[in-house]
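A short write-up of the structure that comes next.
The values are calculated or read from the model by the stated rules, or taken from the named source; none is laboratory data. Keep in mind that what you see is a predicted model, and the values were worked out from it rather than measured. Here the Cβ positions follow ideal geometry from the backbone for every residue, glycine too, while neighbour counts run over all protein chains shown. The accessibility values were calculated without ligands, DNA or RNA, using every heavy atom of the protein model including side chains. Shrake-Rupley method; radii C 1.70, N 1.55, O 1.52, S 1.80 Å.
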Amino acid sequence: MPLYFTVDFLGKITRVPATNDGRPEKRIAAADPDGFHLLEIEVGTGAWDNKNGRTTLVEIREASLPPLPGNTRLVGKAYEFRPSGTVFDKPIRLTLGYNVNELPAGVTSIGAAYYTDRDGWVYLPPENTNVAGLGKITAPVNHFTVFAILAMVSQEPAPGGVNALTPASF
């Protein structure tokens, strides 16, 4: 019976043949149903779950939002990549898309990040490319957990969601 490496990205299934040890025999380019996000896994990449077993089924679902640091806003949605704790023997690529018209006011920076209970939110180094993709962030990933795009904002809103104003001084 043939073995497959399967990615279920919010219900859209991408499947390629796998070797006997579970490595994809073809490059995987698994997009979500809207084509907004993309997970790319190169030929021969090995994946192991947190119990050191081979992973050949990846599921990506919307996640509950872990606590955010101050002056940080979620852009879009957070996604849980399962099985959580899966590690790869070489980096894979994750592209998360966002609507630039939905960025919060006062944005000073934006980046893709992952969450761990031990470290909280950790920003991923963006992939260096010759052409900047407005509305998309691509980063190398070597493990699975919760991923999201986060925006740093210039100030924390006051109660009621309105930024507090400081009186002018002359």
Checklist entry - What number of residues within segment 19-64 satisfy the criterion of being assigned to a loop (DSSP other than H, G, I, E, B), touching a residue at least 24 places away in the same chain (Cβ under 8 Å) and open to solvent by 60 Å² or more (accessible area, probe 1.4 Å)? => result 5
Next on the checklist: Step by step: first the residues of segment 65-84, then only those that are small (Gly, Ala, Ser) and assigned to a loop (DSSP other than H, G, I, E, B), then the one that is farthest from GLY11 (Cα to Cα). Which residue is that?
Outcome noted: GLY70
Next on the checklist: If I ask for residues that are outside any strand (DSSP E or B), of a type outside the set (Phe, Trp, Tyr) and within 10 Å of the chain's Cα centre (by Cα), which ones from segment 140-155 would you list?
Outcome noted: THR145
Checklist entry - Looking only at segment 1-18, which residues are in a loop (DSSP other than H, G, I, E, B) and free of Cβ contacts under 8 Å to residues at least 24 places away in the same chain? => result MET1, PRO2, GLY11
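Let's see how each residue does on (1) under 22 Å from PHE36 (Cβ atoms); (2) assigned to a loop (DSSP other than H, G, I, E, B); (3) at pLDDT below 95; (4) not hydrophobic (A, V, I, L, M, F, W, C):
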{"position": "ARG93", "(1), (2), (3), (4)": "yes, no, no, yes"}
{"position": "GLY111", "(1), (2), (3), (4)": "yes, no, yes, yes"}
{"position": "TYR114", "(1), (2), (3), (4)": "yes, no, no, yes"}
{"position": "ARG118", "(1), (2), (3), (4)": "no, yes, yes, yes"}
{"position": "GLY160", "(1), (2), (3), (4)": "no, yes, yes, yes"}
Checklist entry - Going by the conditions given, is GLY97 more than 15 Å from PHE144 (Cα to Cα), touching a residue at least 40 places away in the same chain (Cβ under 8 Å) and touching a His at 6+ places or on another chain (Cβ under 7 Å)? => result yes
